[in-house]
Amino acid sequence: MSPISSPLSPDQIRARFSSAMSAMYRDEVPAYGTLLTLVAEVNREVLAREPALAATLAATDQLQRISEERHGAIRLGTADELATMRRLFAVMGMFPVGYYDLSEAGVPVHSTAFRPVGEAALRHNPFRVFTSLLRLDLIADAQLRAEAADCLARRKIFTPDCLALIAQAEADGGLSEPDAGRFVAEAITTFRWHPDALVSMELYHRLHDAHRLIADVVSFKGPHINHLTPRTLDIDAVQERMPLVGITPKAVIEGPPRRNCPILLRQTSFKALEEAVTFPGDTAVSGSHTARFGEIEARGIALTPKGRALYDSLLTEVRARIVPAADGSNAAAYVAVLAEVFTAFPDTWEDIRKQGLGYFEWSVTGTPPVEGDAEAQLKAGALRCDPIVYEDFLPVSAAGIFQSNLGDSGVQDFAASPNQQKFEADLGTAVLDEFAHYAEIEATSLTNSLRALGRA
Ligand code: OOG
Ligand code: NI
């Protein structure tokens with residue numbers, strides 16, 4: 001192990017990577033830049049209009065991260081690609097959290113999110129990448145399955161220098177400043193869009209007929225980043241203003257309705273671009289593919305298993321009554337049913353906390369403590385209690401985003417077949433359980449706060 005001169009921390013490497021990725025995407029997908037400007041404008045307005053929110057964000061050290069905040073998404077083809085991607089993300093302090101089965105929603109992939117874990121890392125830069133692995137086992141046609149597997153086995157999505165730098169970071173426990181710069185540049189190339197397909201147009205169409213996503217994963221040289229999502233403080237305002245800047249949003253916002261106390265995650269997107277593609281063959285042919293889209297999101301409190309079960313059951317009730325059509329024809333009716341059904345979910349922080357529906361972080365205020373337990377300290381103002389932001393994803397929303405790019409006709413059925421064990425075997429490690437993680441943050445903050453008051 002050679003000593004590294006001025007090593008960069010994984011947090012610093014991630015921040016550089018996130019900003020390089022954002023610059024690349026802005027370059028390749030101009031509408032993304034337009035959306036960033038709109039989101040920044042709306043966020044500024046919200047902070048000016050809601051000083052209490054601005055104060056809470058400042059007091060909990062979250063103001064800084066909002067404007068930096070992004071997530072992206074990629075889709076991989078093989079276990080090897082997934083295992084190497086895990087090592088690549090580890091160099092920048094991003095670890096797999098959660099398991100998402102999307103077969104249930106008609107999409108032949110299962111997924112995790114690579115993200116920083118722990119408050120300090122999230123505060124430094126919360127960049128995440130929703131990462132899916134194609135499930136060829138869900139393709140019925142054995143011949144097509146074999147052809148797809150063959151294409152995937154032949155491609156190399158990481159540059160030799162990228163692989164060497166990952167190995168070097170693992171061996172030396174980090175990267176020097178110049179090596180980190182090279183690493184970011186090499187790693188970025190894996191996520192670029194490649195307009196030259198790996199497969200013939202004929203095979204592309206057969207893959208596409210099996211599922212558009214299969215064609216998207218198998219036909220290209222690498223896992224192009226398919227969207228990059230900024231976080232907004234008012235998603236309804238952004239959705240409303242998107243058409244004013246020439247962007248057409250999907251019909252409805254995914255997730256919970258607008259509430260006083262935001263829960264989990266709300267997301268909306270704009271449709272994928274039609275991109276020119278060249279297919280190889282005796283004579284190259286040009287065609288097109290829709291790969292990359294735009295998305296924005298608003299984040300609320302992380303829910304406990306009890307809160308999540310309530311959320312899931314209310315959403316199921318909504319979907320049993322009305323399914324949002326891709327063309328937006330029943331959007332208003334959907335929003336009305338969503339709002340009505342979700343009145344069953346408590347909408348004050350106190351109710352959410354007392355009923356054990358959400359996770360909170362405790363901290364001391366500086367006010368002297370009184371006799372009594374945490375509840376008494378809270379009442380006396382010696383402790384404060386803030387909602388913990390949900391840092392993860394929602395499979396039904398993710399499927400809705402996938403589907404919005406397929407149109408209603410693209411919806412297909414697969415037997416729901418979660419296989420977390422297989423996913424983790426392919427990944428080479430277990431994913432972190434998100435609920436256990438939030439529960440621990442809450443418990444630790446409570447213990448530390450009571451100790452700080454001398455009341456442990
Ligand atoms: C990923 C969709 C999931 C989200 O925000 O839920 C996602 C994809 O289309 O590959 O990014
Ligand atoms: Ni997304």
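Hey, could you check the stretch 355-369 for residues that are among the aromatic types (F, W, Y) and within 16 Å of A382 (Cβ to Cβ) and say which is surrounded by the fewest Cβ atoms within 10 Å (Cβ to Cβ)?
If we take residues in the stretch 355-369 being among the aromatic types (F, W, Y) and within 16 Å of A382 (Cβ to Cβ), then F360 is surrounded by the fewest Cβ atoms within 10 Å (Cβ to Cβ).
Is there a residue in the stretch 192-201 that is touching a Lys or Arg at 6+ places or on another chain (Cβ under 7 Å), aromatic (F, W, Y), touching a residue at least 24 places away in the same chain (Cβ under 8 Å) and in a loop (DSSP other than H, G, I, E, B)?
Yes: the stretch 192-201 contains one or more residues that are touching a Lys or Arg at 6+ places or on another chain (Cβ under 7 Å), aromatic (F, W, Y), touching a residue at least 24 places away in the same chain (Cβ under 8 Å) and in a loop (DSSP other than H, G, I, E, B).
Output the residues belonging to the stretch 120-129 that are in contact with a Lys or Arg (Cβ under 9 Å, 6 or more places away or on another chain) and open to solvent by 10 Å² or more (accessible area, probe 1.4 Å).
Passing the criteria: A121, L122, R123, H124.
Out of the stretch 180-199, which residues are closer than 12 Å to L8 by Cβ and out of contact with any helix residue (DSSP H, G or I) (no Cβ under 6 Å at 6 or more places or on another chain)?
Of everything in the stretch 180-199, those that are closer than 12 Å to L8 by Cβ and out of contact with any helix residue (DSSP H, G or I) (no Cβ under 6 Å at 6 or more places or on another chain) turn out to be G181, R182.
Out of the stretch 257-272, which residues are open to solvent by less than 70 Å² (accessible area, probe 1.4 Å) and away from ligand 1 (no atom under 14 Å from the Cβ)?
Scanning the stretch 257-272 gives P257, R259, C261, P262, I263.
List pairs: first in the stretch 328-356 and over 17 Å from P257 (Cα atoms), second of a type in the set (K, R), Cβ under 9 Å, 6+ apart or cross-chain?
Q355/K306; G356/K306
Can you name every residue in the stretch 9-35 that is open to solvent by 20 Å² or more (accessible area, probe 1.4 Å), hydrophobic (A, V, I, L, M, F, W, C) and either in contact with a Ser or Thr (Cβ under 8 Å, 6 or more places away or on another chain) or in contact (Cβ under 8 Å) with a residue 40 or more places away in the chain (or both)?
Within the stretch 9-35, A15, A20, A31 meet the criteria.
Looking only at the stretch 68-79, decide whether some residue is closer than 21 Å to K221 by Cα, within 16 Å of ligand 2 (Cβ to nearest atom) and in a helix (DSSP H, G or I).
No; the residues of the stretch 68-79 include none that is closer than 21 Å to K221 by Cα, within 16 Å of ligand 2 (Cβ to nearest atom) and in a helix (DSSP H, G or I).
Every residue in the stretch 377-400 that is without any contact (Cβ under 8 Å) to a residue 40 or more places away in the chain, touching a Lys or Arg at 6+ places or on another chain (Cβ under 9 Å) and in a helix (DSSP H, G or I), please.
L378
Going residue by residue through the stretch 212-234, is there one that turns out to be closer than 30 Å to L357 by Cβ and away from ligand 2 (no atom under 16 Å from the Cβ)?
yes
In this structure, is I322 touching a Phe, Trp or Tyr at 6+ places or on another chain (Cβ under 6 Å) and free of Cβ contacts under 8 Å to residues at least 24 places away in the same chain?
Yes; evaluated as a whole, the condition is true for this residue.
Return the residue satisfying two criteria in turn: it lies in the stretch 242-252 and is among the β-branched types (V, I, T) and open to solvent by 20 Å² or more (accessible area, probe 1.4 Å), and of such residues it is nearest to ligand 2 (Cβ to nearest atom).
Among those residues, the one meeting the criterion is T248.
Can you tell me which residue among I322, I352, I301, I296 is surrounded by 14 or more Cβ atoms within 10 Å (Cβ to Cβ) and within 16 Å of ligand 1 (Cβ to nearest atom)?
I296
Which members of the stretch 83-102 meet the condition of being within 14 Å of ligand 1 (Cβ to nearest atom) and surrounded by fewer than 23 Cβ atoms within 10 Å (Cβ to Cβ)?
V97, G98, Y99, D101, L102
Can you run down the residue pairs with Cβ atoms below 6 Å, 6 or more apart or on separate chains, where the first is in the stretch 242-269 and over 13 Å from V396 (Cβ atoms) and at pLDDT 95 or above and the partner is within 16 Å of ligand 1 (Cβ to nearest atom) and in a loop (DSSP other than H, G, I, E, B)?
If the second residue must be within 16 Å of ligand 1 (Cβ to nearest atom) and in a loop (DSSP other than H, G, I, E, B), the pairs left are P262/G300; I263/P256; I263/G300.
Exactly one of these conditions fails for K156: (1) basic (K, R); (2) assigned to a loop (DSSP other than H, G, I, E, B); (3) farther than 26 Å from H71 by Cα. Give me its number.
Against the list (1) basic (K, R); (2) assigned to a loop (DSSP other than H, G, I, E, B); (3) farther than 26 Å from H71 by Cα, K156 comes up short only on (3).
As an exercise: evaluate V109 against (1) within 16 Å of ligand 1 (Cβ to nearest atom); (2) in contact with a helix residue (DSSP H, G or I) (Cβ under 6 Å, 6 or more places away or on another chain) and give the number of the one condition it does not meet.
(2)
Could you list all residues from the stretch 123-145 that are under 17 Å from the mean Cα position of the chain (by Cα) and in a loop (DSSP other than H, G, I, E, B)?
Matches in the stretch 123-145: N125, P126, F127.
Each row is one residue, and each column tells you yes or no for (1) within 14 Å of ligand 1 (Cβ to nearest atom); (2) farther than 30 Å from A140 by Cα; (3) surrounded by fewer than 18 Cβ atoms within 10 Å (Cβ to Cβ).
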| residue | (1), (2), (3) |
| --- | --- |
| D209 | no, no, yes |
| I214 | yes, no, no |
| S219 | no, no, no |
| I225 | yes, no, no |
| I235 | yes, yes, no |
| E240 | no, yes, yes |
| G255 | yes, yes, no |
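For the stretch 185-193, indicate whether the set of residues that are open to solvent by 50 Å² or more (accessible area, probe 1.4 Å) and closer than 24 Å to A79 by Cβ is non-empty.
Yes, there is a match, as at least one residue in the stretch 185-193 is open to solvent by 50 Å² or more (accessible area, probe 1.4 Å) and closer than 24 Å to A79 by Cβ.
Restricting to the stretch 61-82, give me the number of residues that are surrounded by fewer than 18 Cβ atoms within 10 Å (Cβ to Cβ) and modelled with pLDDT of 95 or more.
Here the count works out to 2.
I'd like the residue in the stretch 103-119 that is small (G, A, S) and open to solvent by 10 Å² or more (accessible area, probe 1.4 Å) and, out of all such residues, is modelled with the highest pLDDT.
G118
Test S409 against the criterion of being under 25 Å from R353 (Cα atoms) and at pLDDT below 95, and give yes or no.
No: the conditions fail for S409.
The values are calculated or read from the model by the stated rules, or taken from the named source; none is laboratory data. Just so we're clear, the structure is a prediction, and the values are computed from it rather than from any experiment. Every residue, glycine as well, gets a Cβ built from its backbone with ideal geometry; the counts of neighbours run over all protein chains shown. Keep in mind that these areas ignore ligands, DNA and RNA; they rest on the heavy atoms of the full protein, side chains included. Shrake-Rupley method; radii C 1.70, N 1.55, O 1.52, S 1.80 Å.
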